[in-house]
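Below is one structure, written out as structure tokens, with a few remarks after it.
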Amino acid sequence: IKRIGVLTSGGDSPGMNAAIRAVVRTCAFHNIECTGIYRGYQGMIEGDFKEMGPRSVNNIINKGGTILKSARSKEFMTPEGRQKAHDNLLKHGIDAFVVIGGNGSFTGALLFNKEFNFPVIGIPGTIDNDIYGTSFTLGYDTALNTVVEVIDKIRDTASSHNRLFFVEVMGRDAGHIALNAGIGAGAEEILIPEEDMGLDRLVDSLKKSKASGKSSSIVVIAEGDRIGKSAFELKDYFDQNMPEYDVRVSILGHMQRGGAPSCFDRVLASRLGVRAVETLLDGNSNYMVGLLKDDVVLTPLEQAVKGKSQIDQELIRVSDIVSI
Ligand code: F6P
């Protein structure tokens with residue numbers, strides 16, 4: 001391998017820049033050329049490439065977002081799109097690529113590898129932490145800290161006004177952000193897709209808390225929750241059926257994807273970036289690099305894509321106990 005391409009794909013996440021930096025510098029360390037591919041797979045199709053060296057990634061370890069920009073490319077899902085991408089890689093002398101992204105990005109990489117026998121390695125980058133084969137994805141820790149910081153602020157006003165807040169957080173189909181940030185922020189209840197709490201239990205629990213002397217409450221709702229009601233629909237339900245609660249809704253949205261990466265995400269990105277390049281240089285392909293029990297480990301991409309990251313049941317129990 002003489003030249004490795006690096007791209008960020010799908011939803012951005014804090015720590016992606018630190019991973020780009022690690023990939024570029026590991027290439028330089030091993031005397032390998034490195035090409036930055038802009039706008040994910042779309043840039044690969046359009047030949048949006050730039051030569052990168054150790055100095056092109058100065059001062060980015062602390063930056064949120066991704067200097068390479070990101071996209072969700074529909075064209076890459078077509079054989080014609082992938083053919084164009086392959087032609088461009090060959091034209092630029094790129095022998096392998098590292099893709100930093102989530103499940104969709106890894107599925108694309110696998111397809112590409114199958115069609116062209118092209119060496120690929122994935123680095124898990126998403127705030128959702130929904131990828132099998134790693135306990136942490138890049139950006140998850142930062143997003144948790146962002147959510148906790150914001151809910152702390154919401155708590156101030158909730159408590160001043162004796163209000164009940166429904167706070168919706170991201171996570172797509174997974175409840176990791178909601179569960180962990182919910183515990184960290186001291187939420188009353190946490191609604192996640194992996195566990196159907198049901199409206200009755202939620203109402204019951206809030207009534208009990210009120211009876212025990214709590215004058216304000218925060219309920220964290222994962223965006224993918226299956227209780228069947230959005231945060232606003234829940235507010236309507238309470239307004240109509242339990243007017244004794246003064247309810248407000250806060251949808252945190254994309255602020256959860258921004259901001260400077262935490263130290264944890266920067267170190268994780270650096271470790272995974274180094275291992276991704278060295279895995280390719282060892283002659284291996286089709287792996288995702290991840291972190292399990294503080295070791296950097298390889299998981300076959302196929303498994304990473306098919307497997308499901310599990311919610312820690314113990315956390316649900318802890319949350320139930322400490323929110324009493
Ligand atoms: O996968 C990251 C994520 O932020 C999810 O939590 C969310 O459901 C989705 O991306 C939002 O996507 P978009 O930025 O395309 O609206």
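Read-outs throughout are calculated quantities, based only on the coordinates presented, and are distinct from any laboratory measurement. Quantities reported herein were computed from a predicted structural model and do not represent experimental measurements. Here the Cβ positions follow ideal geometry from the backbone for every residue, glycine too, while neighbour counts run over all protein chains shown.
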Once the in-chain neighbours fewer than 8 apart are removed, the lysines whose Cα is under 29 Å from Lys84 read Lys2, Lys50, Lys69, Lys74, Lys114, Lys306
Once normalised by the length of region 171-324, the mean sequence separation of its alpha carbon contacts under 8 Å that are 6 or more apart gives a contact order in percent of 23
Over region 58-140, the quotient of the Cα radius of gyration and 2.2 N^0.38 Å is 1.18
Rounded to the nearest 500, the 222 nm mean residue ellipticity computed for the chain from DSSP H runs (n ≥ 4, each -39500 (n - 2.57)) alone is -13500 deg cm²/dmol
Cα pairs beyond 18 Å in region 18-111, in percent, come to 45
One checks the Cα atoms of region 121-280 and finds Rg and Dmax, in Å, of 17.5, 61
One can check that the equivalent ellipsoid of the chain, built from the alpha-carbon gyration tensor with semi-axes equal to the square roots of five times its eigenvalues, has lengths in Å, largest first, of 42, 18, 17
For region 148-291, the dipole about the Cα centre with charges only on Cβ (Lys and Arg +1, Asp and Glu -1), to the nearest 20 debye, works out at 340
In whole Hz, the Karplus estimates of ³J(HN,Hα) for region 92-108 (6.51, -1.76, 1.60; θ = phi - 60°; x where Gly or Pro) are 9, x, 8, 9, 6, 9, 10, 10, 9, x, x, 4, x, 5, 6, 4, x
quick note, the chain, DSSP beta bridge pairs, % antiparallel (nearest 5) is 25
Rounded to the nearest 5, the percent of antiparallel DSSP beta bridges in region 14-171 equals 40
Any residue on another chain or 5+ positions along whose placed amide H is under 5 Å from the amide H of Met197 is listed here as Ile192
For Lys208, the lysines lying under 24 Å Cα to Cα, once residues fewer than eight places off in the same chain are dropped, come out as Lys229, Lys235
